[in-house]
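Asker: I have a structure here, written as structure tokens, and I will follow up with some questions on it.
Since every read-out is calculated from the coordinates, none of them should be taken as a lab result. In this text the structure is predicted, and so the values were computed from the model without any measurement. With ideal geometry, Cβ positions are generated from the backbone for all residues, glycine too; neighbour counts draw on all protein chains shown.
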Amino acid sequence: MRYLPLSGTDRSAMLARIGVPSIDDLFADIPKRLRVKGLDLPRAAGEMSVERTLGRLAAKNVPASTVPFFVGAGAYKHHVPASVDHLIQRSEFLTSYTPYQPEITQGTLQVLFEFQTQVANLTGMEVANASMYDGSTATAEAVLMAHRVTKRKKAVLAGGLHPHYRAVVETTSAMAGDSVVALAPDPAGTEDILAAIDGETSCVVVQSPSFYGHLIDLAPIAEKAHANGALLVAVFTEVMSLGLIEPPGAQGADIVVGEGQSIGNPLTFGGPYVGLFATRQKFVRQMPGRLCGETVDAEGRRGFVLTLSTREQHIRRDKATSNICTNSGLCALAFTIHMTLLGEKGLGRLARINHANAVELAEMLVEAPGVTLLNDSFFNEFTLRLPKDAAGVVEALAARGILAGVPVSRLEPGRPDLGNLLVVASTEVNTVEDRTAFAAALQEVLA
Amino acid sequence: MTMNTQGRPTAPGEAAVTATDTFTGNRALQIEEALLFEIGRYDVTGVDLDEPETFTPRLGKLARKTPIDLPGLSEPEAVRHYVRLSQKNYSIDSGLYPLGSCTMKHNPRLNEKMARLPGFADVHPLQPLSTVAGAVDLMAELGRWLLEMTGMTSVALSPKAGAHGELCGMMAIKAAIEAKGEPRNIVLVPESAHGTNPATAALIGFKVVTVPARADGTVDPEAVKALLSPQVAAIMLTNPNTCGLFERDVVEIAAAVHEAGAYFYCDGANFNAIVGKAKVGELGVDAMHINLHKTFSTPHGGGGPGAGPVVFSERLAAFAPLPFVRVTADGPVLVENEVALEGGETPFGRMVAFHGQMGMFVRALSYMLSHGGDGLRQASEDAVLNANYVRVGLRDLMSQPSGDRTCMHEVLFDDHFLDGTGITTLDFAKAMIDEGYHPMTMYFPLVVHGAMLIEPTESESKASLDLFVATLRDLVLKAKAGDTARFLEAPRFAPRRRLDETRAARQPKLKWEKPEPWSEAAE
Amino acid sequence: MTTYFTKDHEWIRIDGDVATVGITDYAQSQLGDVVYVELPEIGKALAKGDEAAVVESVKAASEVFAPVSGTVEAVNVALTDEPGKINESPEAEGWFVKLKLTASDELAELLDEEAYKAFVETL
């Protein structure tokens, strides 16, 4: 087996050195009757064979790059520069563990420090952690953190929160014995969330751009939340939007969480992605996840270490702020490299291209009979009301080779009132030909 | 106060300083690298894009007014910056990485290639299901392998890491208890457990009661029985445990736990020792997470991403969270929401957006297919063989808290062999760095004084282990001979000497700030 | 003024009906460099054995328990900015809280300095 260096001779010599006659003697603590004779699995396979097997599975899927592609709703198709994937595959990044020995992991640590700074600056917040699993789990952690800060147990979720994010928060809260007030889905972007905030609210969780694409003015929500002693948790699923819209930090958010996949990371059918988590300096000790901090070494040279780890599970155990251990280090690295390549100048331009493409697409699609746009404002994603069931339209368009967006019913099943809604995203990867093809096909399907 | 004796020195102390005398501060291949924020410029970008044609924005009043403060680098600068940073890292590709409980094994590059096939890397989680049949097939196939290896009934693939898998398993247990309407709120956790275990149980409202360990670090079934009651919801046990030992009495413990109406959660962090040797389902386990980034070699990536699928026994199978893959006669079906449920499916909720760590699923399945059932078993045998080979090579010089006995895939030493030398486990570990090794896991498990937990994995050759053992033997002899400075000053040859963790924690500096003169100049 | 000790390595200095509480020199030496302290709110009523404060070093977090019952009358806010005082001067400047005693009969259960020293010798 190509991955196992020991030869038969080695094994015999080692067993002799250990002083046991056979390998089974090393497994003597496993009760005999429970020892497995063999597994009902195929035998070892060479590289070519594995490539064939997995290649066949991969070939049954339709890659986003091969079709006009407008699917978003929490994960976005963007172009990632070639150097990003090259650099994250450097052995020293790819095959290193969590930087528990800082003297020989300064590479990972300095990257995390750069990542934390980029995320803090992008969100307009004072501190960011070294990443979470993804946007949805970061949101659930933000709610738990708000409970710790406010010593209250009731979270209010806006109707524009991604339905999966809502489900993750609801699951965690139900299990932890906390309460959640989830407002009804808000495709029109018109709900009155202020009315839902009261003196028992720990936090109000608002996504902007919302699941339906609306840009939400967070400032009045922050004001009402703060007046009631609650926190504003601002959520985003499209981090690229922060290149063009006012950051949550400037609008009064106390915790900002979101999905960072769009920068540096491929779609990969939903994961691994990278959760971003930022907050105010005064809450740093209530924050979940790893933090990297600057210090000096014995020669007085600048260096970085994981710090404030007494918040974490390996020290606080049942009193930890979270049970999180693993972060999303390699995805955070990809994020940081891509963001470094973009810089402020590149990010702004990329965000404008996304917005321009989406604006143009929306204008084209509403030309189709019976189609209305539900958004006054949006970034690179918006919601259409179709004259018939959106899931069927999406299937019909897929049959024509166009992946048109996400029918809301896929995430909000059992809600006939939402059945005709389609969430459509357009990014820099779409060409004018893609948009024209989509608009023409939609005309046909709806005709 | 609670006494915690893990308070080893966290500031560099009085080590002699050997300043670099080069102009640059560089030391040949070790090149000092400034922060991105010190070398980047605001008008530089490494991505060529055309400004869009004039259009009417739809941003309402929320267009960005404040600058972001994100300097950029051109591509050559960015490549050099991150290559230089990478060179400051130790990695499994460059050397033995014996971190106990972390299973730092070789990461085959075939797996990276497979994960990057456009059919996996470039598919969206919410594409029409008709366009992702291969992805669902792959999830089903991965599930089949995991269930066969563990002898369990169902699998939840979506958890994103080991601790997340633990949370998933304990949520299923909580849901099962609530479905029966029982008032169980206590979870038993051995004192040798990973910190994630009590943290997970506490997170969802369980009260943690610690089970004392026997002198050899294993769990005494009588101690468990004494704590069992109608209030006990579950026991969380790591097997093989964190001392590197297989819990001999696991079947008796499981039976007692089940007898008391409670569930058995197994922390699968150490699964690498028993793949193809024992099936946890037959040991009485009700739920176990599997760290794909440990046992099945998806790369650790400097701390993640991981993946933590959870396998369930028949008693918990129905509670597996959404989404899951239902295997039918017509092929696998991805069940994403409540509306799609069939009879007997009662998921406790949802752990993540979308369907889990697909990129890790591909890598893990690629690893499994490469090994086959026979190779997976051989890998476990070699991992255990290697650990015992290291144990036997060091046992006369280093001290084993559990006595001289066979271990599983990792071997545990304590610091008694350093008594009287003035050298701590930390100093010993840092001296290993100078010898070109990543240190073992230290000060864990907590039940052992100055613990050193060594897990060589099956990826090491005999020659590699021989040199490692010879190196550690030499260090022990030097420690005992009074060559103290070698240890107290270590590491001397790493990119950095010991770092001042006290300073980092007392005055946290968690992001780059513009130096004062900079901001004055800007105004 | 009389000073008492506990086997949990707290010291208690009695001045009238006010008890000043801190951790012993032995405790700080075991903890290592203290980097953060979490102090209780003034006015909080603590029963003997309740968590009165949390003290963190880089690698460890430990709870400080109320050695006697009392109401929190003052906390050493200087520790927030200079937690190093606990290492430098654990039994004077590094005090944690002042408690107004509510059950002074509990003092009888505490150790005197000699007994505490003897106890530490056994560790």
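Asker: Using only Cα atoms, locate the centre of the range B:158-201 and the centre of the range A:60-91, then give the distance between them in Å, rounded to an integer.
Answerer: About 35 Å separates the Cα centre of the range B:158-201 from the one of the range A:60-91.
Asker: Right, here's the next one. Using the Cα gyration tensor of the range B:397-506, with a ≥ b ≥ c the square roots of its eigenvalues, what is the shape: rounded (a/c below 1.5), prolate (a/b larger than b/c) or oblate (neither)?
Answerer: rounded
Asker: Test of understanding: what is the full-extension gain from residue B:215 to residue B:327, defined as 0.36 nm times their sequence separation minus their Cα-Cα distance?
Answerer: 35.7 nm
Asker: Give, in nm to one decimal, the length gained when the segment between residue C:63 and residue C:3 is fully stretched (0.36 nm per residue of separation minus the Cα-Cα distance).
Answerer: Fully extending the segment from residue C:63 to residue C:3 adds 19.5 nm.
Asker: Right, something else. Using alpha-carbon pairs under 8 Å, 6+ residues apart, how would you state the relative contact order of the range B:230-332 in percent?
Answerer: After rounding, I find 22 percent.
Asker: In addition: To the nearest 0.05, how large is the calculated FRET efficiency for residue A:89 and residue A:35 if R₀ is 45 Å and r is the Cβ-Cβ distance?
Answerer: After rounding, the FRET efficiency stands at 0.70.
Asker: Using the Cα atoms as the points, what is the convex hull volume per residue of the range A:82-338 in Å³?
Answerer: In the range A:82-338, the Cα hull volume divided by residue count equals 128 Å³.
Asker: Straight distance only, please: which lysines reach the Cα of residue C:48 with their own Cα at less than 29 Å, same-chain residues fewer than 8 apart left out?
Answerer: Straight-distance partners of residue C:48: A:151, A:153, A:319, B:207, C:7, C:59, C:85, C:98, C:100, C:117.
Asker: Rounding to the nearest 10 and keeping the result within 0 to 90°, find how far the Cα-based axis of helix A:106-123 lies from the longest principal axis of chain A.
Answerer: For A:106-123 against chain A, the angle is about 10 degrees.
Asker: Right, another one. State, to one decimal in nm, how far the label point of residue C:88 lies from the label point of residue A:376, with both points 7 Å from Cα in the Cβ direction.
Answerer: Here the modelled spin labels are 5.9 nm apart.
Asker: Quote to one decimal, in nm, the extra length available between residue B:148 and residue B:463 on full extension: 0.36 nm per residue of separation minus the C-alpha distance between them.
Answerer: 110.0 nm
Asker: Assuming R0 = 60 Å, what is the FRET efficiency of residue A:432 and residue B:314, from their Cβ-Cβ distance, to the nearest 0.05?
Answerer: E(calc), rounded to 0.05, equals 0.60.
Asker: Which value in deg cm²/dmol, rounded to the nearest 500, describes the helix-derived mean residue ellipticity at 222 nm for chain B, given -39,500 (n - 2.57) per DSSP H run of n ≥ 4 and division by the residue count?
Answerer: Here the helix-only value at 222 nm equals -10500 deg cm²/dmol.
Asker: Now for a separate question. Taking every DSSP beta bridge with both residues inside chain A, roughly what % is antiparallel (nearest 5)?
Answerer: Given both bridge residues lie in chain A, the antiparallel proportion sits at roughly 55 percent.
Asker: Taking the simple approach of a point 7 Å from Cα along Cα-to-Cβ for both residue C:122 and residue A:28, what is their distance in nm?
Answerer: Going by the 7 Å Cα→Cβ label model, 3.9 nm.
Asker: Just the number, please: percent antiparallel of the DSSP beta bridges in the range B:112-268, rounded to the nearest 5.
Answerer: Antiparallel: roughly 5 percent of the beta bridges in the range B:112-268.
Asker: Given a cut-off of 34 Å, what percent of all Cα-Cα pairs of chain B lie beyond it?
Answerer: Of all Cα-Cα distances in chain B, 48 percent exceed 34 Å.
Asker: State, as an integer percentage, the relative contact order of chain B based on alpha-carbon contacts under 8 Å between residues 6 or more apart.
Answerer: 19
Asker: Something else about it: Describe numerically, in nm with one decimal, the distance between label points set 7 Å from Cα along Cα→Cβ at residue A:389 and at residue A:217.
Answerer: Between residue A:389 and residue A:217, the simple spin-label model gives 4.0 nm.
Asker: Over the protein assembly as shown, one equal point on each Cα, no solvent: what is log10 I(q)/I(0) by the Debye formula at q = 0.04, 0.08, 0.10 Å⁻¹?
Answerer: -0.20, -0.83, -1.33
Asker: How many Å³ per residue does the convex hull of the Cα positions in chain A occupy?
Answerer: Hull volume normalised by residue count: 205 Å³.
Asker: Using Cα pairs under 8 angstrom and six or more residues apart, how large is the relative contact order of chain A, in percent?
Answerer: 20
Asker: Once you charge only the Cβ atoms, +1 for Lys and Arg and -1 for Asp and Glu, what is the size of the charge dipole of the protein assembly as shown about its Cα centre, to the nearest 20 debye?
Answerer: Magnitude of the dipole: close to 1860 debye.
Asker: Same structure again: With +1 on each Lys and Arg Cβ and -1 on each Asp and Glu Cβ, how big is the dipole of chain A about its Cα centre, in debye rounded to the nearest 20?
Answerer: Here chain A has a charge dipole of around 1560 debye.
Asker: Round to the nearest 0.05 the FRET efficiency obtained for residue A:66 and residue B:31 when R0 = 41 Å and r is the Cβ-Cβ distance.
Answerer: Efficiency, from the Cβ-Cβ distance: 0.45.
Asker: Just check chain C against the gyration tensor rule for me: Cα atoms, a ≥ b ≥ c as the square roots of the eigenvalues, rounded for a/c under 1.5, and otherwise prolate or oblate depending on whether a/b exceeds b/c.
Answerer: It is oblate, given that a/c is not under 1.5 and a/b is not larger than b/c.
Asker: Separate question: Which aspartates and glutamates, on any chain, are close to residue B:480 with Cα under 20 Å apart, when same-chain ones fewer than 8 places away are left out?
Answerer: B:396, B:414, B:415, B:419, B:427, B:434, B:435, B:489
Asker: Reachable lysines from residue A:60, Cα under 23 Å, same-chain residues fewer than 8 places away excluded?
Answerer: Filter leaves A:77, B:113.
Asker: If a/c stays under 1.5 just call it rounded; otherwise compare a/b with b/c (prolate if a/b is bigger, oblate if not). Do that for the range A:107-193, with a ≥ b ≥ c from the square roots of the Cα gyration tensor eigenvalues.
Answerer: Prolate, because a/c is 1.5 or more and a/b exceeds b/c.
Asker: Which residues in the range A:105-148 have a backbone N closer than 12 Å to a point placed 7 Å from the Cα of residue B:338 along the Cα-to-Cβ line?
Answerer: Correct set: none at all.
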